[in-house]
Structure formats: structure tokens, C-alpha cells
Amino acid sequence: MKQTVKIKKAVLKEYKSENLMEKITLFQPIWVRIFHWGFAFSLTLVLLSGLELHKPVSFLNLNYGKVFIAHVVFSWFSLGFVASRMADALIRRDNSLIPKISDLKLFPKLLAYYLFFRSSPPPSRKYNSGQLFIYSSWILLFLIASFLGLASYWQGKHLIWLWRLVGGFQILRWIKFSITIYLLATIPLHIYLSLTEDLSRLQAMLTGYERNPNK
Ligand code: HEM
């Protein structure tokens, strides 16, 4: 009990004696956080319900119609979150999710760091080259899968040119399935690196703020 009081006093002292706001910087604005957690939640449900529709798991015994509705509804939610992030990026003129050639040139050095050949990662903008590649590919592939999803939803009534372009309904399904597998394979890597690399980044994705390393 005494210990708790001591910690509380120490925090209070620090809060009073120094200007805490000078020590922390806003790293993730509110719309990025709303996008992140909303997209993470709804996309996970889209992927899992998509797999269930593809091959129902017998022991779950879920109603196919309800899973389909969940799949469509959460796809629209995911699209809404992506649209909000795009609007936010345009309003704030934020290009932190768009990879540049200079970012990609640093990828071999980043790989060397992850493979323990370097002690520190190469310098980067807000996100490193690996993150940039993964985040931008997720958004692009998600938009492609959603467009293909609309074509299969309309069952040949609209977007017939898209069926023809990809080479038929089975190929369209195969592309969506491959995108799902890519997302499901890379999301655990993202979660693993978020939890093991720099926890202050995770704190910023929750609270918005990160402790300024220079102060
Ligand atoms: C428990 C699960 C997750 C955790 C702990 C987590 C954590 C994080 C953290 C800490 C960042 C910031 C990285 C940095 O500042 O270096 C981030 C960014 C991001 N994460 Fe996640 N994430 C999770 C799940 C997901 C999922 C499922 C998706 C969707 C596929 C996702 C998509 C993204 C995107 C797109 C960004 C960039 C955000 C932006 O700038 O707009 N995350 N995540």
C-alpha cells in the first residue's frame, strides 16, 4: 500500500515540478487512431467472415446468411475508415503512408537490422520502409478486394467488364482469397513488431502522445 502512495507522489511531483506537455509530443492525431483501431477491428472481421464463407467451419455451425451480412457490413465499415484516413491525410497534407524511393532504398539496411547484422535501424520518416511497404500494400489490396467484392455481390448485373478483365468469376474469387491470405500472414508480423520493437509507439497509437526522446 505504502509503495502505491510513493509512486503516486513521485508522479505528482514530476507533474507539478516540470512542464509535462514539453516532454511529450503528439505523434498520432485522433483521426489516425480512430482509423487504426476501427480498421483493425472491422478488417479482422471481414477476413475471418470471408474465410468462413469460403469454407464453413463445421464445428462453428454458423448461419451462412448472417455471416454474409456481417462480411458485407464490416467491409463497408472498413471502407469508411479508409475513406476517413484519406480525408485526414488530404486535410493535414500528411504523406506518412506513401512510400518514397528514398524510403525503399533503406530497406536492405532495415532487413540487416531485423536479421541482427546491424545494431540500430536506419533513419526513417514517421514509419520505416518495411512498415511503409506493408501499410500501403494493405490499403491498396483492400481497395482492390473491395472492388472485386462489389463485382461478385452484383452477380454479373453490374461491373461485368471487371469479371471479363480478370478472366472470370473463379479467378476473381481466387484473387480475393490470395489477398486475404496475404493480409492474414502479414497482420501477425505487424502486431509482433508493434509489441516488441518500440512500446512508446504503441502508447502513441492509444493515447496519441509519445515521450520526446530529447527531453
Ligand atoms: C492488436 C493489434 C494491433 C496493434 C497492437 C497495432 C499497433 C500499431 C502501432 C503501434 C502502429 C504505429 C506504428 C509506429 O508508430 O511505428 C500501427 C500502425 C498501423 N497499423 Fe496497427 N496494430 C494492430 C492491428 C492492426 C491491424 C489488424 C491492421 C489492419 C490490417 C493495422 C493497420 C495499421 C496501419 C494501416 C497503421 C498505420 C496507421 C496510419 O498512419 O494511418 N493494425 N499499428
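So the values come out like this:
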| read-out | value |
| --- | --- |
| Number of the condition not met by L62 [criteria: (1) part of a helix (DSSP H, G or I); (2) farther than 25 Å from I34 by Cβ] | (1) |
| For S119: the one exception among (1) open to solvent by less than 90 Å² (accessible area, probe 1.4 Å); (2) among the polar types (S, T, N, Q); (3) more than 16 Å from the ligand (Cβ to nearest atom) | (1) |
| Qualifying residue in region 122-140 (condition: among the aromatic types (F, W, Y) and at pLDDT below 90) | no |
| Test for V32: is it more than 25 Å from H190 (Cα to Cα) and touching a residue at least 12 places away in the same chain (Cβ under 8 Å) | no |
| Selected residue (criterion: surrounded by the most Cβ atoms within 10 Å (Cβ to Cβ)) from residues of region 83-116 that are part of a helix (DSSP H, G or I) and under 16 Å from the mean Cα position of the chain (by Cα) | R85 |
| Qualifying residue in region 171-190 (condition: within 13 Å of the ligand (Cβ to nearest atom) and of a type in the set (D, E, K, R)) | no |
| Restricting region 35-44 to residues that are under 14 Å from L79 (Cβ atoms) and in contact (Cβ under 8 Å) with a residue 40 or more places away in the chain, the residue that is nearest to the chain's Cα centre (by Cα) | F39 |
| Enumeration of residues in region 45-59 that are open to solvent by 40 Å² or more (accessible area, probe 1.4 Å) and part of a helix (DSSP H, G or I) | L45, L48, L51, H54 |
| Options L184, L165, L148, L159: the member that is more than 27 Å from the chain's Cα centre (by Cα) and closer than 22 Å to F74 by Cβ | L159 |
| Single match in K109, K66 (criterion: more than 26 Å from L140 (Cβ to Cβ), of a type in the set (K, R) and modelled with pLDDT of 95 or more) | K66 |
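The values are calculated or read from the model by the stated rules, or taken from the named source; none is laboratory data. Nothing here was measured: the structure is a model prediction, and the numbers come from that model. Because the Cβ atoms are built from the backbone with ideal geometry, glycine has one as well, and the counts that use them run over all protein chains shown. These area figures cover heavy atoms from the full protein model, side chains too; ligands, DNA and RNA do not enter into them. Shrake-Rupley method; radii C 1.70, N 1.55, O 1.52, S 1.80 Å.
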